[in-house]
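Before any comments, here is the structure.
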Amino acid sequence: MSSPHIIVVPLPIAGHVNPLVQFSAKLVKNGMRVSFIVADYYYNRVMSAIAAEIQGEEDCHVGLQSQVKLHSIPDGLGPEDDKNDMPKLFLSTSASWPAMLEKIIQEINGSDREGKVTAMIADLHMGWALEVADKMGIKGSIFWPSSAAFLAVEFSIPNLIDQKVIDNDGVPIGRQTFQLSPSMIRMDTEHLPWNLNNDLVTRKKVFDFFFNIGRALKLTNWWLCNTSSELEPAALTLLPNLVPIGPLMTPYKKASRQHLSEEGLSCLNWLDQQPARSVIYVAFGSLTFVEYKQFQELALGLELTRKPYLWVVPSSVITSTKFSNIYPDGFNNSLRKIVGWAPQQMVLSHPTIACFVTHCGWNSIVEGLCNGVPLLCWPFVAEQFYAKTYVSDVWKIGLAFESCENGIVSGGEIKNKLEQLVSNEDMRERCSKLGEMTMKSIQGDGQSSNNISKFIQWLKE
Ligand SMILES: O=c1ccn([C@@H]2O[C@H](COP(=O)(O)OP(=O)(O)O[C@H]3O[C@H](CO)[C@@H](O)[C@H](O)[C@H]3O)[C@@H](O)[C@H]2O)c(=O)[nH]1
């Protein structure tokens with residue numbers, strides 16, 4: 001009998017692609033074939049990430065890599081569009097990908113070499129893919145890469161309308177805070193998941209898109225989430241049908257440097273030269289954060305600490321003259337390293353990292369805490385604010401910036417918070433403990449590990 005063949009469909013953005021790369025590696029190690037759908041510009045990065053995941057494991061051999069096949073699709077955005085613009089991605093992929101996905105599945109099923117597709121794992125925000133699977137007689141499951149808290153808000157839309165927190169179009173009825181249950185974090189109507197930008201027409205489209213996700217959820221009972229009961233007991237109680245399988249990450253000692261790009265390797269080589277627990281790591285995930293004045297203040301704050309720092313900055317910024325003028329002596333010297341992309345999980349597990357300045361993307365938060373690295377929160381939109389509340393108020397493993405009246409966080413504030421954070425041993429200790437507890441969930445008999453085993457069993461049935 002041929003092995004199960006799983007088609008994996010992530011939203012094409014790092015925070016959605018990465019956890020599914022790691023999950024795909026697990027499926028392959030459990031004897032399955034994976035067809036991974038990827039936007040064309042991600043092809044090379046995903047290819048090397050998969051190779052590193054699979055070969056990095058001590059108990060795996062090179063041949064397994066051939067069990068994953070990438071199928072690239074154009075993202076449907078125009079040449080001028082930002083590849084990380086979530087609302088545009090939701091809308092363009094849901095319009096242009098269904099027909100292409102169906103064609104890919106037909107091609108796989110028509111070829112003798114690969115074995116027919118037996119199941120699908122679709123990102124919740126690619127929920128339309130389950131309708132394609134359903135039409136083609138393929139069993140499906142939903143995967144959510146972020147917090148259960150985020151989902152709890154999406155699932156509570158009818159209640160929020162009834163309770164007059166939002167109107168029928170998702171618009172807040174006045175600014176207010178609310179709790180979805182007495183043990184849940186308090187949320188602000190400013191940070192609803194569909195408030196991804198200031199354009200009201202787009203907000204409404206994204207709200208309708210989220211509201212309609214319920215259709216996809218009805219097509220499966222497997223709602224997988226990249227969280228764990230150690231991290232989000234209250235949200236998981238509120239959503240008893242959600243299956244926690246997180247944190248989806250690989251411990252560093254197992255991962256391999258051999259597949260890194262030159263830039264990635266240069267980050268680790270540079271870290272190898274730094275003193276233990278000295279380096280500030282700064283990265284904002286897929287977010288393109290390029291506001292000049294704020295960039296200048298962040299650079300100033302980092303320089304004022306006189307500590308070494310590794311900062312991920314979009315390549316377009318590194319090459320622009322305006323920004324390079326901030327550093328008259330050049331972007332890189334022995335105390336600073338500025339790169340376009342870093343191998344984040346390896347960086348965070350490096351013993352020289354002292355703290356992480358993050359935009360509070362869920363994967364960044366979980367990767368930081370699982371490596372025991374205290375966090376300095378700089379949320380920009382939507383659910384990143386929920387993650388910030390977890391970090392600073394619930395888990396107490398990090399701090400958050402105060403912005404000034406003009407919305408800019410000053411260099412002085414950045415320096416002060418960084419100094420407070422790195423000198424706080426209690427916080428570091430709490431972070432290590434929470435990280436250890438959370439990692440146990442995906443090991444041995446941990447809850448997430450058991451859930452993954454049950455899911456794999458279902459895929460094999
Ligand atoms: O230089 C870098 C920067 C990031 N990463 C990786 O990219 C991923 C980034 O994920 P995340 O921190 O979740 O950020 P985004 O890509 O910005 O994620 C989007 O998707 C997440 C999951 O839904 C949401 O939580 C975020 O708010 C949303 O911005 C992580 O695995 C990082 O390890 C790298 O490897 N190198």
Label-point separation in nm, Gln420 to Ser266, each point 7 Å along Cα→Cβ: 3.5
Calculated FRET value between Ser96 and Asp199, using beta carbons and R₀ = 30 Å, to 0.05: 0.90
Estimated inter-spin distance, Gln443 and Asp162, nm [label 7 Å along Cα→Cβ]: 4.3
Electrostatic dipole magnitude of the chain [Cβ: Lys, Arg +1; Asp, Glu -1; Cα centre; debye, to 20]: 620
Overall dimensions of the range 356-461 by Cα: Rg and Dmax, Å: 16.7, 59
Beta bridge orientation in the chain: antiparallel %, DSSP, nearest 5: 10
Efficiency of FRET from Cβ geometry, Ser403 and Asp40, R₀ 41 Å, rounded to 0.05: 0.65
Among Ile414, Ser432, Gln443 the positive-end extreme of the charge dipole of the range 403-461 (Cβ point charges): Gln443
Dipole of the chain, positive end: most advanced residue of Ala39, Pro247, Leu399 [Cβ charges, Cα centre]: Pro247
Computed over the range 262-439, Cα set: Rg, Dmax in Å: 15.1, 46
More than 20 Å apart - percent of Cα-Cα pairs taken over the range 73-147: 37
Calculated P(r) of the chain - Cα pairs past 40 Å, %: 16
Pairwise FRET efficiency - Val394 versus Ser316, Cβ, R0 = 45 Å, nearest 0.05: 0.80
The range 127-274: translational diffusion in µm²/s, Stokes-Einstein, Kirkwood Rh over Cα pairs, 20 °C, 1.002 mPa s: 118
Amide H within-cut-off set for Ser256, under 5 Å, with H built and near neighbours excluded: Gly56
Cα-based Rg / Dmax (Å) for the range 211-308: 20.3, 54
Rounded to 5, the percent of DSSP beta bridges in the range 262-439 classed as antiparallel: 5
Net length gained if the chain between Ile326 and Asn221 were fully extended (0.36 nm per residue, minus Cα distance): 32.5 nm
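Every read-out reported here was derived from the displayed coordinates using simple, explicitly stated rules and does not represent laboratory data. Owing to the predicted nature of the structure, the values given are computational and were not obtained by experimental measurement. All Cβ positions, even for glycine, are placed from backbone atoms using ideal geometry, and neighbour counts span all protein chains on display.
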